[in-house]
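Asker: Once you've had a glance at the structure underneath, I'll fire off some questions.
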Amino acid sequence: MAAEDVFKKLISHCKEYGFIFQSSEIYDGLSAVYDYGQYGVELKNNIKKYWWDSMVLLNENIVGIDSAIFMHPEIWKASGHVGAFNDPLIDNKDSKKRYRADVLIEDHIQKLEDKITKEVEKAAKRFGDAFDNTQFRTTNPRVLEVQAQINLVKERMVKALTTDDLNEIKQIIVDAEIVCPVSGTRNWTDVRQFNLMFETKIGSVSDESSTIYLRPETAQGIFVNFLNVQKSGRMKIPFGIAQIGKAFRNEIVARQFIFRMREFEQMEMQFFIAPGTELEWFAKWKETRMKWHKSLGMGDNKYRFHDHDKLAFYANAATDIEFEFPFGFKEVEGIHSRTDHDLGSHQKFSGKKMQYFDTELNKNYVPYVVETSIGVDRMFLSIMSNAFTEEKIKKDDGTEDERVVLRIPPALAPVKLAIFPLIKKDGLSEKAREIHEQLKFDFNCQYEEKDTIGRRYRRQDAIGTPFCITIDHQTMDYNTVTLRYRDTMQQERIEVDKLREVIAGKVSIRTLLERL
Ligand code: ATP
C-alpha cells in the first residue's frame with residue numbers, strides 16, 4: 001500500500017481509538033490544533049517521562065524548571081523573534097493556496113534527489129554484483145547533471161535565506177519551474193515575510209504596551225532563569241536546565257497531521273558551558289540524543305543527522321535528527337551550538353549581568369550554550385507511524401484473519417496490561433478483579449470481561465497493549481494465568497505472584513534508561 005494511504009489510515013486509527021482528535025471538532029475543527037484522547041495522553045506522558053528522566057535523573061548536572069508561557073515582551077526582542085522569526089510566504093494565484101517558499105524549494109530538491117536514487121537503483125539492478133555506487137554517482141552524465149542542478153538551487157537558496165533576499169527566493173522558484181501541487185500552475189505572487197508569533201493583550205488596558213506573545217519556544221524561559229537556577233542550585237558549569245512545555249507558532253502551512261501544529265509541546269535542554277568547549281559538547285549531545293532515539297528499538301536505519309547548510313548568524317554548529325516518517329525523512333529534534341548569543345543578548349536588553357564566575361579558570365564570562373530541542377508531538381507521530389501495522393494472522397482453526405497492531409515500545413505503551421477473565425462465572429471475574437486490584441498500583445491496567453477472548457485481544461492490539469493475561473479455571477487451582485505477548489501473539493503460563501516482576505522487567509521506563 002502507498003505510504004500516503006497508510007498515513008491516512010493511521011490518522012483515522014488515532015481518532016477511532018482515542019489517541020488524537022481534531023480540536024473543536026463539533027465546530028468543524030480548528031486548523032493545525034489537536035486534542036489528545038484517553039490513550040494519546042498516556043503515550044504522550046510516557047514520552048515526556050522518558051525524556052525528563054534521561055535528562056534530570058541520569059545527569060547530576062541537569063535540573064528541570066517549569067517557566068510561564070507569558071513572558072515580558074522585551075524577551076522576544078532580545079531573542080530576535082520580534083524582528084526575525086519570519087517565514088517567507090508565497091501564494092499561488094490560481095489555487096489560492098499559501099506555501100512556505102523555502103519548503104517549496106526544499107521539496108523540489110527532494111524530487112531531484114529522488115531522481116538520482118532511481119537512476120542508481122536502476123543501474124544497480126542492471127550491473128548486479130559488479131555495480132560500483134560511488135563510481136556511478138561520480139561519472140554517470142545524467143546523475144551529474146541532476147546533481148549540478150541540486151547544488152545550484154541549494155547554493156542560491158542558502159544565500160537568499162541568509163540575506164533575506166525575497167526577490168531572489170521568488171526567482172529560484174521561477175527558474176526551477178516549480179508548480180503549485182494543487183493547481184499545477186506557475187502563477188505565483190511575490191514572496192513576503194510573515195511573523196510566526198501569536199500576539200495577545202495582558203491586563204485591562206489594551207494599548208501598545210500591553211501586547212504580549214505566546215511563547216514560540218520554551219528555551220527563552222530557561223535563559224532568563226539561568227542565574228536564578230545557577231545561584232539557588234549552586235550549579236557549576238558545565239550544567240543543564242531542562243524544560244517541557246507548550247509553544248505556539250502561527251505556521252503558514254499546517255500539514256501532515258501533528259507534524260506541524262500551531263500549538264505544540266517541546267522538550268528543550270540548554271547546556272551551559274565554558275566558551276571554547278562548545279564543539280566538543282555539541283558532538284557529545286549529538287551522540288547522546290541519537291542514542292536516546294535508537295534505544296526505542298524502532299530501527300537504527302530510521303534515523304539520520306541532517307547538518308544545517310544555513311546556520312543562524314549566532315550559531316556555530318547545528319544539526320537535525322531526522323526520522324523516516326511515511327512522508328520521508330523529516331526533523332524531530334534540533335541540536336544547536338548557540339554560542340553566548342542568548343545570554344549575551346538578554347544581558348544587553350535587560351541591563352542585568354548574565355555572567356558566571358568560573359572558579360577553575362578564575363574569571364567571569366557569559367556562558368556558551370548547546371541546546372537540544374525536540375517536539376513531543378513529532379516524537380509521538382514517529383512512534384505511531386512506526387508502530388501502526390496491519391497484518392494477516394492464522395486463527396486456531398487454520399483460517400486467516402487480519403489484525404491491526406500498534407507495536408509501540410512497551411515502556412511507552414498507554415496501557416501495559418489487560419486482564420481478562422475467560423468467562424464471567426465460577427469466580428473467574430472476582431479472581432481477575434483481585435489481580436487487577438494488586439497490579440493497578442504498578443501499571444496502567446485495563447479490566448475487560450465482554451466479548452470473546454479473541455475480540456478482546458484485537459482491541460488491545462489496536463491500542464498497543466504489550467501484555468494480556470487470561471484468568472481461567474486453572475488459575476483457581478494453581479494460581480497461574482496465561483500471559484499473551486502482543487507482537488508474537490505467543491502465550492505462556494505464569495504464576496500470578498510473578499506477574500508484577502515479569503511485566504515490570506519489560507514495561508518500565510527503567511528498561512529504556514538502562515540502555516543509555
Ligand atoms: P521546522 O523547520 O520543521 O519548522 P524548526 O527548525 O523551526 O522546525 P525548532 O525551532 O528547532 O524547529 O524547534 C525544535 C523542535 O520543535 C522541532 O525539531 C520539532 O520537533 C518541534 N516543532 C517545531 N515547530 C513545530 C510545529 N509547528 N509543530 C510541531 N512541532 C514543532
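Asker: Among the numbered criteria (1) at pLDDT 95 or above; (2) surrounded by fewer than 18 Cβ atoms within 10 Å (Cβ to Cβ), which single criterion is violated by ASP309?
Answerer: It fails just one condition, (1).
Asker: Quick check: is even one residue across the range 179-192 outside any loop (DSSP other than H, G, I, E, B), closer than 30 Å to GLU4 by Cβ, modelled with pLDDT of 95 or more and away from the ligand (no atom under 16 Å from the Cβ)?
Answerer: First pass over the range 179-192, keeping only residues outside any loop (DSSP other than H, G, I, E, B): 188, 192.
Subsequent filtering for residues that are closer than 30 Å to GLU4 by Cβ retains 188.
Applying the additional criterion that residues be modelled with pLDDT of 95 or more yields 188.
Those still in the list that are away from the ligand (no atom under 16 Å from the Cβ) too: 188.
Yes, because at least one residue in the range 179-192 is outside any loop (DSSP other than H, G, I, E, B), closer than 30 Å to GLU4 by Cβ, modelled with pLDDT of 95 or more and away from the ligand (no atom under 16 Å from the Cβ).
Asker: Report the residue count in the range 191-249 for those that are more than 30 Å from ILE169 (Cβ to Cβ) and hydrophobic (A, V, I, L, M, F, W, C). Please lay out each step first, then the result.
Answerer: Start the filter on the range 191-249 by keeping residues that are more than 30 Å from ILE169 (Cβ to Cβ), which leaves 200-210, 212, 221-246.
From what is left, the residues that are hydrophobic (A, V, I, L, M, F, W, C) are 202, 205, 212, 222-224, 226-227, 229, 235, 237, 239, 241-242, 244.
Number satisfying all stated conditions: 15.
Asker: Restricting attention to the range 328-367, and to residues there that are more than 16 Å from the ligand (Cβ to nearest atom) and aromatic (Phe, Trp, Tyr), which single residue is surrounded by the most Cβ atoms within 10 Å (Cβ to Cβ)?
Answerer: The qualifying residue surrounded by the most Cβ atoms within 10 Å (Cβ to Cβ) is TYR356.
Asker: Given the criteria at pLDDT 95 or above, in the same structural domain as ARG260 (by TED's automatic domain parsing) and on the phi > 0 side of the Ramachandran plot, does GLY351 qualify? Working first, answer last.
Answerer: On the way: at pLDDT 95 or above: yes; in the same structural domain as ARG260 (by TED's automatic domain parsing): yes; on the phi > 0 side of the Ramachandran plot: yes.
So GLY351 fits the description; yes.
Asker: Is it true that some residue in the range 368-376 is crowded, with 21+ Cβ neighbours inside 10 Å, among the aromatic types (Phe, Trp, Tyr), within 13 Å of the ligand (Cβ to nearest atom) and modelled with pLDDT of 95 or more?
Answerer: Scanning the range 368-376 turns up no residue that is crowded, with 21+ Cβ neighbours inside 10 Å, among the aromatic types (Phe, Trp, Tyr), within 13 Å of the ligand (Cβ to nearest atom) and modelled with pLDDT of 95 or more.
Asker: Scan ASN316, ASN386, ASN301 and give me the residue that is exposed (fewer than 14 other Cβ atoms within 10 Å of the Cβ) and not aromatic (Phe, Trp, Tyr).
Answerer: Only one candidate qualifies: ASN301.
The rows are residues; the columns are (1) on the phi > 0 side of the Ramachandran plot; (2) touching a Phe, Trp or Tyr at 6+ places or on another chain (Cβ under 9 Å); (3) outside the structural domain of ASP53 (by TED's automatic domain parsing).
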position	(1), (2), (3)
PRO216	no, yes, no
ASN225	no, no, no
ARG234	yes, no, no
PHE239	no, yes, no
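Asker: Still on this structure: Determine, yes or no, whether GLU324 is closer than 20 Å to ILE47 by Cα, crowded, with 19+ Cβ neighbours inside 10 Å and either touching a Gly at 6+ places or on another chain (Cβ under 9 Å) or small (Gly, Ala, Ser) (or both).
Answerer: Values: closer than 20 Å to ILE47 by Cα: yes; crowded, with 19+ Cβ neighbours inside 10 Å: no; either touching a Gly at 6+ places or on another chain (Cβ under 9 Å) or small (Gly, Ala, Ser) (or both): yes.
No; evaluated as a whole, the condition is false for this residue.
Asker: Right, something else. Just to be sure I understand, how many residues within the range 424-475 are touching a helix residue (DSSP H, G or I) at 6+ places or on another chain (Cβ under 9 Å), touching a residue at least 12 places away in the same chain (Cβ under 8 Å) and either under 21 Å from ARG500 (Cα atoms) or surrounded by fewer than 17 Cβ atoms within 10 Å (Cβ to Cβ) (or both)?
Answerer: Residues that pass the stated criteria total 27.
Asker: Applying the selection to the range 88-114, what residues are of a type in the set (D, E, K, R) and surrounded by fewer than 16 Cβ atoms within 10 Å (Cβ to Cβ)? I'd like the intermediate steps shown before the answer.
Answerer: Filtering the range 88-114 for residues of a type in the set (D, E, K, R) gives 91, 93-94, 96-98, 100, 102, 106-107, 111, 113-114.
Listed by number, the residues that qualify are LYS93, ASP94, LYS96, LYS97, ARG98, GLU106, ASP107, LYS111, GLU113, ASP114.
Asker: Taking ASN86, is it in contact with a Phe, Trp or Tyr (Cβ under 8 Å, 6 or more places away or on another chain) and modelled with pLDDT under 95? First the steps, then the outcome.
Answerer: Numbers: in contact with a Phe, Trp or Tyr (Cβ under 8 Å, 6 or more places away or on another chain): yes; modelled with pLDDT under 95: yes.
Yes: the conditions hold for ASN86.
Asker: May I ask you to list pairs of residues, at least six apart or on different chains, whose Cβ atoms are under 6 Å apart, with the first in the range 362-376 being without any contact (Cβ under 8 Å) to a residue 24 or more places away in the chain and the second being of a type outside the set (Val, Ile, Thr) and more than 16 Å from the ligand (Cβ to nearest atom)?
Answerer: What qualifies is ASN364/GLN355; ASN364/PHE357.
Asker: Give me the pairs: first residue in the range 249-273 and under 17 Å from ALA101 (Cβ atoms), second residue among the polar types (S, T, N, Q) and more than 7 Å from the ligand (Cβ to nearest atom), beta-carbon distance under 8 Å, and six or more apart or on different chains, which are they?
Answerer: Close Cβ pairs (under 8 Å, with a partner that is among the polar types (S, T, N, Q) and more than 7 Å from the ligand (Cβ to nearest atom)) amount to ASN250/ASN195; ALA254/SER31.
Asker: Another question about this same structure. Can you list the strands (runs of 3 or more DSSP E) found entirely within the range 210-327 that contain at least 3 residues being among the charged types (D, E, K, R) and more than 12 Å from the ligand (Cβ to nearest atom)? Let's see the steps before the verdict.
Answerer: On the way: elements: 211-213, 239-248, 263-273, 303-307, 317-325.
It comes to none.
Asker: For the range 485-502, which residues satisfy the criterion of being under 22 Å from ARG458 (Cβ atoms) and out of contact with any strand residue (DSSP E or B) (no Cβ under 6 Å at 6 or more places or on another chain)?
Answerer: Scanning the range 485-502 gives TYR485, ARG486, ASP487, THR488, MET489, GLN490.
Asker: Yes or no: GLN220 within 30 Å of ASP102 (Cα to Cα), in contact (Cβ under 8 Å) with a residue 60 or more places away in the chain and touching a helix residue (DSSP H, G or I) at 6+ places or on another chain (Cβ under 7 Å)?
Answerer: Values: within 30 Å of ASP102 (Cα to Cα): yes; in contact (Cβ under 8 Å) with a residue 60 or more places away in the chain: yes; touching a helix residue (DSSP H, G or I) at 6+ places or on another chain (Cβ under 7 Å): yes.
Judged against the criteria, GLN220 is a match.
Asker: How about the range 401-516: which strands (runs of 3 or more DSSP E) wholly inside it have at least 1 residues that are at pLDDT below 95?
Answerer: Details: elements: 417-421, 445-447, 467-471, 480-485, 491-495.
Hits in the range 401-516: none.
The values are calculated or read from the model by the stated rules, or taken from the named source; none is laboratory data. The model shown is predicted, which means the values in this text are computed figures rather than measured ones. Cβ sites come from the backbone with ideal geometry, for glycine too, and all protein chains shown count toward neighbours.
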